[in-house]
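The values are calculated or read from the model by the stated rules, or taken from the named source; none is laboratory data. The model shown is predicted, which means the values in this text are computed figures rather than measured ones. Don't worry about glycine lacking a Cβ; one is built from the backbone with ideal geometry, like all the others, and counts go over all protein chains shown.
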């Protein structure tokens, strides 16, 4: 096998020294020229297969990178939306909710008031984060009710954080442990 490889290399790089013109080298009854042609053909196939695999891997890597960049972009949009939703909820609490709770006998809002405030909060969130909502809507490919559900989920998370913040700030001493707020996204409360 080693002799064949050496002859092949010698024939490829210095064919005039490989064998004289009158000599015909046969290996297992096949002329060396045919063997070299077959080996070169197989090497070509192998190289093209490696090239194809490399192209497929490169394409997959580019797709993964593109998807990662898109996910990071969406994550940043959602974080900005959360901040904006928290600001909207704080403003709405200061302007409307506090007065409604004081006016109520038990200090709690009715379902109708909650629905009205939710709709108002969604509209204020859309107005205060217009481009942000538009970019998020196009990045996630959602609109209409799905977009409103997403915004309502962000508002509900902000309300929970606001309630926790108010509860902690109203007490004289901080509790030892504050459990994490688990947001409710869509559906029933």
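Summary table below
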item	result
Answer from 107, 153 - the residue that is outside any helix (DSSP H, G or I) and either within 30 Å of residue 166 (Cβ to Cβ) or without any contact (Cβ under 8 Å) to a residue 24 or more places away in the chain (or both)	107
Failed criterion for residue 22 (all others in (1) at pLDDT below 85; (2) part of a helix (DSSP H, G or I) hold)	(2)
Selection status of residue 119, in a helix (DSSP H, G or I), assigned by TED's automatic domain parsing to the domain that holds residue 163, at pLDDT 85 or above and closer than 30 Å to residue 164 by Cα	yes
